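Trainee: My structure is below; once you've seen it, I'll send some questions.
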Amino acid sequence: MNIHTPRLTLRPMSRADLDTTFAYAGSPENTEFMLFLPYAAKAEAEAELVKMEEKMSRTPCRDYFFAIELDGAHIGEISLELTEDETEAELGWILHRDHWGKGYMTECALAIRDFAASLPRLCLLYAHCDSRNRGSAAVMEHMGMTLAETGTRTNRNSGEVSGEYKYILHLKK
């Protein structure tokens, strides 16, 4: 399943995306505020892509991992992972830094929000970000999400502790 926006195509992630995924998800500069990144090696990125493919092949599908394409080039990814009962879902995303500040992630997030709203049981979207990541917080706010919780997080690679925001959006009343 592909989702199209005015400038972008969202299509399922696959192992064929290994090199382009590692270009953004293996970069310490690009993943500064990410909790579980950067990938230490291409093999780690490949293992995650295999997991994504496996999860997307399940019936029913509760996990969606989309590659973000601009003019046919893979520039990032966005995910929607539903809970077992399919009433809540977590959003996550990453974009290659060469494409930051151009509105692409907001465009993707709005498209995923609309897709999520079409899922019959899904009532609540939530997403987390490092409190220093103003770009991700702004995307969540542009989607209509509201700040629900603040806390702390510990980066798995560096052990650094930072602030964390949790945003939510009710899809159905």
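Trainee: Kindly report the accessible area of the chain per residue (heavy atoms of protein chains, probe 1.4 Å, no ligands, DNA or RNA), in Å². Intermediate results must be reported in sequence, preceding the final value.
Mentor: Details: 8750 Å² over 173 residues.
Result: 51 Å² per residue.
Trainee: For the range 16-91, I need the span (max minus min coordinate) of the C-alpha atoms along each principal axis, in Å, sorted largest to smallest.
Mentor: For the range 16-91, the Cα spread along each principal axis is 36, 27, 23 Å.
Trainee: Next question, about the same structure. Could you work out how far the C-alpha centroid of the range 1-71 sits from that of the range 77-138, in angstrom?
Mentor: Taking the Cα centre of the range 77-138 as reference, the centre of the range 1-71 is 13 Å away.
Trainee: Identify the residues of the range 99-131 with backbone N under 18 Å of a label point that sits 7 angstrom from the Cα of Leu35 along the Cα-to-Cβ direction, or state none.
Mentor: Of the residues in the range 99-131, 124-131 have backbone N under 18 Å from the label point off Leu35.
Trainee: Can you tell me how much longer the chain between Asn2 and Arg134 gets when fully stretched, taken as 0.36 nm per residue apart minus their C-alpha distance, in nm with one decimal? Display every interim value, and only then the final one.
Mentor: Numbers: separation 132, 0.36 × 132 = 47.52 nm, distance 2.86 nm.
Gain on stretching Asn2 to Arg134: 44.7 nm.
Trainee: Continuing with the same structure: To the nearest 20 debye, what charge dipole does the chain have about its Cα centre, counting +1 at the Cβ of each Lys and Arg and -1 at the Cβ of each Asp and Glu?
Mentor: Values: 19 positive and 27 negative charges, 74 e Å.
It comes to approximately 360 debye.
Trainee: Moving to a separate point now. State the percentage of accessible surface on the range 6-50 attributable to carbon and sulfur atoms; use a 1.4 Å probe and exclude ligands, DNA and RNA.
Mentor: Details: 1380 of 2230 Å².
Carbon plus sulfur share of accessible area: 62 percent.
Trainee: Which residues make up the longest stretch of the chain clear of chymotrypsin sites (Phe, Trp or Tyr not before Pro) that lie in a DSSP loop with no more than 14 other Cβ atoms within 10 Å, not counting the sites?
Mentor: On the way: sites that count: Phe36, Trp100.
With a cap of 14 other Cβ atoms within 10 Å, the longest stretch comes to 101-173.
Trainee: Can you send over the solvent-accessible area of Val139, 1.4 Å probe, protein chains only, in Å² to the nearest 10?
Mentor: In the full protein context, Val139 sits at about 10 Å².
Trainee: Mind giving me the nanometre distance, one decimal, between the label points for Ser57 and Ser118, set 7 Å out from Cα along Cα→Cβ?
Mentor: Going from the Ser57 label point to the Ser118 one covers 2.4 nm.
Trainee: Over the range 90-173, one equal point on each Cα, no solvent: what is log10 I(q)/I(0) by the Debye formula at q = 0.19, 0.22, 0.25 Å⁻¹?
Mentor: For the range 90-173 at q = 0.19, 0.22, 0.25 Å⁻¹, log10 I(q)/I(0) is -0.88, -1.09, -1.25.
Trainee: To continue, here is another question. Relative contact order for the range 21-117: what is it in percent, counting Cα pairs under 8 Å that are at least 6 residues apart? Walk me through the numbers before you get to the answer.
Mentor: On the way: 115 pairs, mean separation 19.0, N = 97.
Rounded, it is 20 percent for the range 21-117.
Trainee: Can you run phi through the Karplus equation (6.51, -1.76, 1.60; θ = phi - 60°) for the range 75-84 and list ³J(HN,Hα) in whole Hz, with x for Gly and Pro?
Mentor: Taking θ as phi minus 60°, the curve returns 10, x, 8, 9, 10, 9, 10, 7, 6, 3 Hz for the range 75-84.
Trainee: Continuing with this model, one more query. Nearest 0.05, what FRET efficiency do Asp71 and Asn157 give at R0 = 30 Å with Cβ-Cβ as r? Each step should come with its number before you reach the end.
Mentor: Details: r = 32 Å, r/R0 = 1.08.
Approximately 0.40, to the nearest 0.05.
Trainee: With θ set to phi - 60° and the Karplus curve 6.51 cos²θ - 1.76 cosθ + 1.60, what are the ³J(HN,Hα) couplings of the range 132-143 in order, to the nearest whole Hz, using x for Gly and Pro?
Mentor: 8, 8, 4, x, 5, 4, 5, 4, 4, 5, 5, 6
Trainee: So what is the relative contact order for the range 80-173, in percent, with contacts set as C-alpha pairs under 8 Å and at least six apart? Intermediate results must be reported in sequence, preceding the final value.
Mentor: Details: 135 pairs, mean separation 27.2, N = 94.
Relative contact order comes out at 29 percent.
Trainee: Excluding ligands and nucleic acids, what accessible area in Å² is computed for Arg156 using a 1.4 Å probe, to the nearest 10?
Mentor: 110
The values are calculated or read from the model by the stated rules, or taken from the named source; none is laboratory data. Predicted model, so just to flag it, every value in this text is computed and none were measured. Don't worry about glycine lacking a Cβ; one is built from the backbone with ideal geometry, like all the others, and counts go over all protein chains shown. Note: accessible area is taken over every heavy atom of the protein model, side chains too, but ligands, DNA and RNA are not part of it. Shrake-Rupley method; radii C 1.70, N 1.55, O 1.52, S 1.80 Å.
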